[in-house]
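See structure below.
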Amino acid sequence: SHLLLRQETRMLGNPDMQHLVNIYFQINCPQLQTTLPHGMLHFCYNSKVVAALVRHNLQDWVMQVPFFPPHQSIDTCFTPSKVLSMIQTCLFGTTTNHHNNNDTSSAQKK
């Protein structure tokens, strides 16, 4: 930053204040099209997952999930099956797919 105050202020400790994983996914679920508006932030707080979700349009979503290195790693905590479970828990409240007509066609983490 170019602000004089920030240039003169020294920070102590770890410079990383937070670690987040962004998961981009598409889902085809007519039920969600009418219940959750797009262009809004949706928050999921429960014992299985904490996440913020953004619904960009009818099918495209982003889910942002915090993780805590060195206790967690992206490779072990965000496998495809665990990511799918997180998505299902946030959107449907369960990890089993009771919504057979839903198609979570792709999930990509960044």
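The values are calculated or read from the model by the stated rules, or taken from the named source; none is laboratory data. The structure displayed is predicted, hence computed values, not measured ones. Cβ sites come from the backbone with ideal geometry, for glycine too, and all protein chains shown count toward neighbours. All accessible areas refer to the heavy atoms of the entire protein, side chains included, with ligands and DNA or RNA removed. Shrake-Rupley method; radii C 1.70, N 1.55, O 1.52, S 1.80 Å.
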Considering region 65-96, residues that are in a loop (DSSP other than H, G, I, E, B) and farther than 18 Å from Leu53 by Cβ, and then whichever is modelled with the lowest pLDDT, we arrive at Thr96
For region 24-35, pairs from a residue that is closer than 13 Å to Gln88 by Cα and open to solvent by less than 70 Å² (accessible area, probe 1.4 Å) to a residue that is part of a strand (DSSP E or B) and charged (D, E, K, R), with Cβ under 7 Å and 6 or more apart or across chains, are Ile27/Asp103; Asn28/Asp103
All-but-one check, Asn46 against (1) open to solvent by 70 Å² or more (accessible area, probe 1.4 Å); (2) under 15 Å from the mean Cα position of the chain (by Cα); (3) of a type outside the set (Phe, Trp, Tyr), failing number (1)
